[in-house]
1. Based on other C-beta atoms within 10 Å, arrange Cys41, Cys117, Cys166 from fewest to most.
2. Can you bin the range 1-112 into rounded, prolate or oblate? Criterion: square roots of the alpha carbon gyration tensor eigenvalues sorted a ≥ b ≥ c, rounded for a/c under 1.5, prolate for a/b above b/c, oblate for the rest.
3. Tell me, what ³J(HN,Hα) does each residue in the range 6-14 have, in order and in whole Hz, if you take phi through Karplus 6.51 cos²θ - 1.76 cosθ + 1.60 with θ = phi - 60° and put x for Gly and Pro?
4. Label points 7 Å out from Cα along the Cβ direction at Met63 and Glu83: separation in nm?
5. As I understand it, the dipole of the chain uses +1 on the Cβ of Lys and Arg and -1 on the Cβ of Asp and Glu, about the Cα centre. Which of Gly45, Asn152, Pro57 lies farthest toward its positive end?
6. Only bridges whose two residues both fall in the chain count here: according to DSSP, what percent of them are antiparallel, nearest 5?
7. To the nearest 500 deg cm²/dmol, what mean residue ellipticity at 222 nm is calculated for the chain from DSSP H runs of n ≥ 4 alone, each contributing -39,500 (n - 2.57), summed and divided by the residues?
8. Hey, how many Å between the Cα centroid of the range 132-168 and the Cα centroid of the range 42-57?
Amino acid sequence: MSRLNVYVKKALSVGITRAKIIDAKTISVANWVRLKCQFGCGGYGKQLTCPPYSPTPEYTCKMLAEYSKALLMQIENISPAKEYRVSRKLKLIVADLEREIFLDGYYKAFGMTSGPCRLCRTCSTRKPCKYPYQARPAMEACGVDVYQTARNNDFKLEVVQSEDACCSYLSMILIK
């Protein structure tokens with residue numbers, strides 16, 4: 001496990017506020033999560049990283065069975081004014097770290113972010129992604145219960161109760 005802690009340090013050095021290597025078995029997947037994307041998120045059907053284009057919860061469960069570890073990352077206390085910019089930054093951090101982990105020999109490394117993709121102003125779902133090396137599906141779009149996964153790993157994550165409240169974003173990179 002100590003070999004993987006280098007990625008925790010790297011994540012913290014690029015702006016992540018909390019990072020931890022976790023057991024993949026602590027990642028919770030539930031069918032209801034995808035419904036929250038369909039009924040409550042403006043990205044549904046509009047982005048290639050969101051449902052119905054993202055992996056289903058059933059597929060995600062099968063995929064997770066092929067991994068033993070993940071790097072769970074959180075950026076905390078994001079003000080509403082900075083939310084869009086931080087969300088985009090987090091997606092790029094995940095892509096960069098995933099590539100570094102891959103190049104270090106963990107060839108199955110795969111990142112998952114949070115929320116709709118912010119790499120393009122408008123996503124064309126009729127064409128291939130313009131940024132296939134950076135775009136990754138949101139955990140919740142794949143059915144990951146982010147709140148339960150956070151709790152399972154001693155991360156604090158609360159429901160944001162007003163539009164002017166600060167929020168947190170979680171992302172992860174599946175490693176081996």
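Only the coordinates and a few stated rules stand behind these numbers; no lab work does. Not measured: the values here are computed from a predicted model. Because the Cβ atoms are built from the backbone with ideal geometry, glycine has one as well, and the counts that use them run over all protein chains shown.
1. Working: Cys41 18, Cys117 24, Cys166 13.
Listing Cys41, Cys117, Cys166 from fewest to most nearby Cβ atoms yields Cys166, Cys41, Cys117.
2. oblate
3. 4, 6, 4, 4, 5, 4, 5, 6, 10
4. 2.5
5. Gly45
6. Numbers: 17 of 18 bridges.
Rounded to the nearest five, the antiparallel share is 95 percent.
7. Values: 5 runs with 53 residues, N = 176.
So the helix-based figure for the chain works out to -9000 deg cm²/dmol.
8. 16
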